[in-house]
Amino acid sequence: MPENQKNLNYLKELNVPKADEITSRLSGAILFLLCAMLVFSVVAFGAVDVWALGVASLLAGSIAVCWLTDAWRNKDFRFNASALQIPLLALILIGIIQLPPLRRADFPNDLLSVSAVGSLSLAPYSTRLAVVQLIVYFVFFAAALTFINNYSRLRKVVLTIIISGSLMAFYGILQHLANLEAIYNLRLPFQATPFASFVNKHHFAAFMEMTIGVTLGLLFGKATENNKRIFLIIAIVIMGIALILTGSRGGMLSLLGVIVFVVAANLLQKPISEIDSPIADGKSYLRNFAFIGGGLALILVLFGTVLLLGGDDSLLRGIGLQNPKDDISNGRLHFWQIALRIFFDYPILGAGLNAFGIVFTRYDSWNGMYRVEQAHNDYLQILADAGILGFACVAAFIYLLFKKGLQTVRESSDRFRRSTAAGALAGCFGILIHSFFDFPLRTPSNAFFFLTLTTLAMASITPLKVSRKKRSEKNDLSLLNKKT
């Protein structure tokens, strides 16, 4: 037996701890903290309160500490240099630039003896809070890209998404059937209609769009065993019913977009094991028919179940047949016009991140009875808040996401990886549709889930067996060198 092999066997018999055992535990702790942030943000009313943002910041800080400790012990700072992080960093930079006093304040000349100055943001406090949120999002996103890096972790995150979505949807259905107006029977939101743990029912619908997307991707991609698909079907039905019961028109339209995206992704993608033969072509036609029929059947089942549960009002509102005399946009056209006026006045860097609610009062021609904090269109609001530069960041993020995500779907040879990427892209596609009519991504929990789905769609995933083998060989050789 070679001398090196004898030494390796000797080390194994002594059960010497591996050099990266502690660092692997730290990376596992980071994955746990990532999943904890997802679950906490959903349970804590969508993490819309300042205290919830504080807890999320502490969790993000814990991730950073574990990450740096892992780098120090391993003598290597692991970081996924994905280009998708650049638009997020650019938005943070825009927010920081908006804070210093670089703009002359609008005061009458005879009021002050010297010229007054103010920040580029017309609402500095709101902008500072937005910068803090973006930093938390960046730490979360960078850690997710770096540490969701093998199939075991990928499956754990997917399972977390499906379970959290299913349980919250089930609670929302029970809450709706019991006519409970307060969240957890404790909190009654002001000027908002809650659903499940979310203060805003439309944002809960957006949350369902993302979780349904991942689950549908696994089901249509046949990425699980036959005896487990029934659980996916149950989860999809529960989440779909909960979404429709919200009565959100944007949510219902986005749900259709999610279903169409998943079906199209599977229709246009050849099966991994398909062989170019007449028999394979015949099976391909049957498969395509099954995908289309399955999508239509899902829609019928969801709408039919809602009707049986007595959700007529929600369904009628969702398809736009309730209160036809009312403003079908619910004031959105007015908000959108003001967002455009703000953009035209501040076209380069905008009026300040999250400043729309303050600046709106300067342009509002209504009687001011209602407080409007968002433009109910994330794309117009980013134009108003951050100008053309901020909008360019958002556009670049969306472009890079779908470019890399579709590449993963097209080139992946693993069924589970491909199905996960397709489902994650479908969820992202759904909430991006919803963002035309609302502001779902300004709810922190939805932002965390969106960034997680982005990671699932385009992250580099190493097969677990290969990564373990390479790590084991590296540890054994390192210990052997120390011994010799």
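Bear in mind that the values in this text are calculations on the coordinates, not laboratory data. Since the model is a prediction, treat every value here as computed from it, not as a measurement. Note: ideal-geometry Cβ built from the backbone for every residue, glycine included; neighbour counts use all protein chains shown.
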Q: Count the net charge of all other residues whose Cβ sits under 15 Å from the Cβ of Ile161, scoring Lys and Arg as +1 and Asp and Glu as -1.
A: +2
Q | Qualifying trypsin sites (Lys or Arg not before Pro) for segment 331-380 [loop in DSSP, other Cβ within 10 Å: at most 15] | A | Arg371
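Rounded to whole Å and sorted largest first, what semi-axes of the equivalent ellipsoid does the C-alpha gyration tensor of segment 417-457 yield via the square root of 5 times each eigenvalue?
In descending order the semi-axes read 19, 12, 4 Å.
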Q) Net charge near Ser126, counting Lys/Arg +1 and Asp/Glu -1 over other residues with Cβ under 11 Å of its Cβ? A) -1
Q) Can you give the alpha-carbon Rg of segment 181-240 over 2.2 N^0.38 Å, where N counts its residues? A) 1.44
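For segment 345-438, compute Rh as the Kirkwood radius over C-alpha pairs and then the Stokes-Einstein diffusion coefficient at 10 °C and 1.306 mPa s; write the answer in µm²/s, rounded to an integer.
In µm²/s, the coefficient rounds to 103.
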Q: Pop out the ³J(HN,Hα) list for segment 345-362 in order, Karplus 6.51 cos²θ - 1.76 cosθ + 1.60 with θ = phi - 60°, rounded to Hz; leave Gly and Pro as x.
A: 7, 10, x, 8, 10, x, 8, x, 4, 6, 8, 4, x, 7, 5, 3, 5, 6
Q: Under 1.5 on a/c is rounded, so check that first for segment 47-100, then, if it is not, pick prolate when a/b is larger than b/c and oblate when it is not; a ≥ b ≥ c are the square roots of the alpha carbon gyration tensor eigenvalues.
A: oblate
Q) Where nothing but the Cβ of Lys and Arg (+1) and of Asp and Glu (-1) is charged, how large is the charge dipole of segment 25-170 around its Cα centre, in debye to the nearest 20? A) 580 debye
**Q.** Selected from Leu218, Met168, Ser197, residue furthest toward positive end of dipole (segment 120-236; charges at beta carbon)
**A.** Leu218
